[in-house]
1. Which of the residues belonging to the stretch 999-1024 are surrounded by fewer than 16 Cβ atoms within 10 Å (Cβ to Cβ) and under 30 Å from the mean Cα position of the chain (by Cα)?
2. Which residue, of 251, 184, is in contact with a helix residue (DSSP H, G or I) (Cβ under 9 Å, 6 or more places away or on another chain), over 23 Å from residue 547 (Cβ atoms) and in contact (Cβ under 8 Å) with a residue 12 or more places away in the chain?
3. Among (1) without any contact (Cβ under 8 Å) to a residue 40 or more places away in the chain; (2) surrounded by fewer than 17 Cβ atoms within 10 Å (Cβ to Cβ); (3) in contact with a helix residue (DSSP H, G or I) (Cβ under 7 Å, 6 or more places away or on another chain), which single condition is residue 292 missing?
4. Need a quick list: strands (runs of 3 or more DSSP E) entirely within the stretch 1-66 having at least 1 residues that are modelled with pLDDT under 85, in contact with a strand residue (DSSP E or B) (Cβ under 7 Å, 6 or more places away or on another chain) and under 19 Å from residue 524 (Cβ atoms).
5. Please find, within the stretch 957-973, the residue that is surrounded by the fewest Cβ atoms within 10 Å (Cβ to Cβ) out of those that are in contact with a strand residue (DSSP E or B) (Cβ under 6 Å, 6 or more places away or on another chain) and assigned to a loop (DSSP other than H, G, I, E, B).
6. So, residue 926, is that one buried (at least 22 other Cβ atoms within 10 Å of the Cβ) and at negative phi or not?
7. Conditions first: (1) modelled with pLDDT of 90 or more; (2) surrounded by fewer than 21 Cβ atoms within 10 Å (Cβ to Cβ); (3) part of a loop (DSSP other than H, G, I, E, B). Residue 915 passes all but one, so which condition is the exception?
8. Please give the strands (runs of 3 or more DSSP E) falling wholly within the stretch 100-166 in which 3 or more residues are within 29 Å of residue 1047 (Cα to Cα).
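The values are calculated or read from the model by the stated rules, or taken from the named source; none is laboratory data. All values reported here derive from a predicted model rather than from experimental measurement. Glycine gets a Cβ as well: all are built from the backbone with ideal geometry, and neighbour counts include every protein chain shown.
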């Protein structure tokens, strides 16, 4: 065993016993105060908490302040019993304990005999009078009964305030091609910052920040979104916490089949002709029970998804005349770079076509227009089938050795294949997701006041984004097109791409991303009660391993902007791209050992005031690259401090930030002395991670891989594709810098990091009021603010400023010559979030609902995309991709009352009905306006801005799919200047969506109490409201300003479930 792998075990040995960090705990706590009828405290009372489903019992004694606390109780339903000599026994029955919650119960003892008993039914909707935490639980009933499109558990987050789900594929993780809907932004945090925790163990893949495993919705007992403020136990400002169901003293289970097809679906706004063929089946089971009553329990679940759709894809392709070189319809002269004069009648002889162009057309990567559509903007159409196969398994076992020792273990494995074919050759997407998550837990009670809890876990995930690899019979495309020194492996074997200004992109798309995470968790927590203090100490050790195969443009990407001839199609025919980029992927293994420790004190200052103070410290050394020698355990570092004004490129481990202290402070105050109204406030610091999507591009670079590029806007010296690319310069600490000294040209470099880069962090503050309302409702008004600092931002330090007077070639104007592009992340970005978050909820046996409204503004300097890095020295501050100023959600479930005593016709006809729904209304997401041409002549790889002449927005009554905004408000900027348009300046369509569930239950008494067959009809977008996707935003595209697609129209799904 390596020293690195042995270190966590040594640490745990020093602490004698494995204990876990509450930060990721699937438990809650029951506590409170024992008083008599005069409100005097009663010390020494015997208190016990009894789990109604598993028989687990925890015993304690009220202290000198009359206080008691049972920490680390599994979520579930409990009876709380209090005994004291001279008083009647009190039982608070059916207390619902949610994950991550603290139930504070004041128990009033009446004078009498212990043999006398007073039983009180617990209030389900209780105000949180102890902790300043913000968050709400979605209970098992709503998890099970709400209509969830695709039965995706992440959708449950979107029914609460302060959360922005990935409705339009707006986020980094959610925008993974076809896998939208798997990421959320919580209270202004980046989606990649959201923590996903299952039974106390994170289940998150590092590259995109998406959940690393998928699990059946019916295997989830509770789902909680925690936001705004957490104690030192938490390392993230936004947490999604899930708890698996467990076996109980009764055998229980469910078998289900969900089915939908195109015969039930409505037509989308742009659909023509017959609806695409569509089939989806989701089937599975969950079951659990006792192996030994009150001692040993088991649980298992499985679900499969089989999805098939043949969609219709649309594209814009060159006309037959243009394919043959006849550009006479182009209004501007097409210049001949050989003569400097226009081609006669804008017609290019076929003898001038480049070999690359001829081969590209012959291979069929640009098809001719579809007959009958020649005069349409989208003049080509073809089938675009999508196939998805998912399999998900969950296993869990629980063992209650005694009232002092409890063990449980749980394993999840999921695999998902998602292949989306394109009507254009070479653009088939492959986005698989596989994950394994395992946890082993031991809880030990030393005394009623001292409890420890130990946990170890594994999180393994693989989430890819790539074109579907070529078949074994296909050639190595880089060799077929005679493109040198780029990818030659079959794993990333895609055809080259041609991006033609005003038309579109053809051939391969470009990204080959196949990262693997393999993390081992060792966690510890100790809880100790003394007087008015509830103290906790804990630590986490994470043995991190990430393999990051990541590369863009492995096939060779060529951008034809019209820089050479004045027309993009003409540049393509002649084979003269303005820019050419190619890469060979690397796959370094990155390792690190992370340490976290915290101390917390929840101090009950008085009966109506509680103060929570905590301090967290983390030590997260930067990832190093695992190799056979110490010199290989490095990452690329960029430090522009070379003597003589040059630049140094080195390979070293980035300096470890040893100042990651995270203090947090909050209070809960009941000013009127009643438990139905509380004021809470908090402030805290939360450290974030550098996303793998940012760090992964260091996998591209000599010795790990290679990046090569070329470019020219000079018609006298254009780029010629044949013969590209030059050999990569070996990237060694001395060899690379020597190459610079010799003037050896070096292409595009990987993402570099400053060696002095600090850990990103968030400052978060909250102020909230919570009130118990009539009809068992609970209302909350909260202000949440957040300020992000030292966040990742991509910049190009080797890009010159535009100049109308400096006529030197681009390379001579760069700060460091012979290097085409350097991408750098110096951790300088900031973000700001302010929000009013309102919520109203009700939980009863027959009718439950959660309503949430958020009014917010979310701005940042970077979204990990190409939009906010165009102009040098401009931080790019604008609305984030997930800034939704207004968002309202209302989810509900209603069960018809029982009709006992009615005749059979009434009972069977009107009884057993349930109804549910989710209403989502939100304002539009922002988008920016870009262009293909590099009018600034600065060689940027980021999105370029045109000039903005006026606002560009249109009133709602003037917006149409053919003209979503005022396209005349934007124009190409003059040469050698930046455009002023900026990022995220316009709004796409908002969202109006209503999902409805109609449910009928039929009792099956022969199978036991509660057994039933359930028939479900679910309507997604029930009223068939067209929710448009974003419009075409490239000012040089023929479709500029047009919307061409929508979210799903109405979908009807049927299901049959057997509960026993």
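1. Within the stretch 999-1024, 1017, 1023 meet the criteria.
2. After applying the criteria, what remains is 184.
3. Unmet condition: (3).
4. In the stretch 1-66, 27-36 are the strands (runs of 3 or more DSSP E) which contain 1 or more residues that are modelled with pLDDT under 85, in contact with a strand residue (DSSP E or B) (Cβ under 7 Å, 6 or more places away or on another chain) and under 19 Å from residue 524 (Cβ atoms).
5. Here the answer is 973.
6. Criteria met by residue 926.
7. Among (1) modelled with pLDDT of 90 or more; (2) surrounded by fewer than 21 Cβ atoms within 10 Å (Cβ to Cβ); (3) part of a loop (DSSP other than H, G, I, E, B), the lone unmet condition for residue 915 is (3).
8. 134-138, 163-165
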